[in-house]
Amino acid sequence: MVATLTLQEAADQLGVHYMTVYRYVRLGRLPARKVGGTWEVDTSELEGLRRGHDRSVQPRRSADWPKRLQARLLAGDEAGAWGVVEGALASGSSPPEVYIDLLGPAMAAVGEKWHSGDVSIGQEHLATSVALRLIGRLGPRFVRKGRTKGAVIVATPSGERHIIPSLIVADLLRGAGFEVFDLGADVPVDALAEFVTAVDGLVAVCISSTHASSDRGMRRMIRSVRKAAPGAAIFVGGGSVVDADHAEAVGADGGAKTAEGAVDLVLGAVAAGVSRK
């Protein structure tokens, strides 16, 4: 059986204040778990921290950030998850890097754990809920003042429930200088067609999909947008998009597997002069 310590016992062994150890936990530097309302730390984890606890408590850029965030997401610990995000930001990561290098990988790992049966659907939903609140807090940091590069609509096909990828794309596009209209998950085809006609300066429509069976839904959306806004570029992306040939097969102008790839596509459309007149 693994020996454990309370946070106060851990603080005593390190020779620091209780709140210092608590901060280590919140920043993800010291793995801990709650048992009966009390935090417990494995002695082995404490030893790992002990070897470097005399250094600055300021967090460092580390490949462990996604793992730390994943633990807090699965625990439903919003404050702790935000502490990990703050730690990454304080260590030099930009908000886009937090999305691309931290939140994205952490949620991908949660999804893999769910598929393998290592976490329950309830835990996966809990992690998603916390991740959505983190995105809500990070979102305002992507808004840029001044003239925009044009308008972009982000949407998902009917039946698509996974919204985190489209939210990340929307924020990255805002950070790149676009005015973004994020229609969220499960968007009806007719609703999207009606909306595109009301947006001035439309540069592109980005459709995010995670389900392999969503080709039919993407085709319907693309045909509808072509009719309503023939001058707009249409891009598809997400886990269901295999490659550029797949994107072309469903009728899109391009496809991207990653959020940053989607931004590059839209920037390329602007550079090529693709816009609705």
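The values are calculated or read from the model by the stated rules, or taken from the named source; none is laboratory data. Note that the coordinates shown come from a computational prediction; the quantities given were computed from them, not determined experimentally. All Cβ positions, even for glycine, are placed from backbone atoms using ideal geometry, and neighbour counts span all protein chains on display.
Within segment 98-121, the set of residues being touching a residue at least 60 places away in the same chain (Cβ under 8 Å) and buried (at least 18 other Cβ atoms within 10 Å of the Cβ) comprises Y99, L103, G104. For segment 161-208, enumerate the residues that are of a type in the set (D, E) and within 20 Å of G239 (Cβ to Cβ). Selection gives D171, D182, D186. Within segment 122-153, restricting attention to residues that are outside any helix (DSSP H, G or I) and among the basic types (K, R), the residue that is surrounded by the most Cβ atoms within 10 Å (Cβ to Cβ) is K149.
Selection within segment 17-58: residues that are of a type in the set (A, V, I, L, M), modelled with pLDDT under 80 and crowded, with 16+ Cβ neighbours inside 10 Å. The member of this set that is nearest to A88 (Cα to Cα) is L27. Confirm whether F195 is assigned to a strand (DSSP E or B) and in contact (Cβ under 8 Å) with a residue 24 or more places away in the chain. So F195 does not fit the description; no.
Restricting attention to segment 167-190, and to residues there that are part of a helix (DSSP H, G or I) and surrounded by fewer than 20 Cβ atoms within 10 Å (Cβ to Cβ), which single residue is nearest to the chain's Cα centre (by Cα)?
First, pick out the residues of segment 167-190 that are part of a helix (DSSP H, G or I): 167-175, 189-190.
If we keep only those that are surrounded by fewer than 20 Cβ atoms within 10 Å (Cβ to Cβ) as well, we get 175, 189-190.
Values: G175: 14, V189: 25, D190: 28 Å.
Restricting to residues being part of a helix (DSSP H, G or I) and surrounded by fewer than 20 Cβ atoms within 10 Å (Cβ to Cβ), the top hit is G175.
One line per residue, one yes/no per condition, for (1) out of contact with any Lys or Arg (no Cβ under 8 Å at 6 or more places or on another chain); (2) surrounded by fewer than 22 Cβ atoms within 10 Å (Cβ to Cβ); (3) of a type in the set (S, T, N, Q); (4) part of a helix (DSSP H, G or I):
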site: E160; (1), (2), (3), (4): yes, no, no, no
site: P165; (1), (2), (3), (4): yes, no, no, yes
site: S224; (1), (2), (3), (4): yes, yes, yes, yes
site: A247; (1), (2), (3), (4): yes, no, no, yes
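Here is the figure for segment 59-90: residues that are out of contact with any Lys or Arg (no Cβ under 7 Å at 6 or more places or on another chain) and either modelled with pLDDT under 90 or part of a helix (DSSP H, G or I) (or both) total 21.
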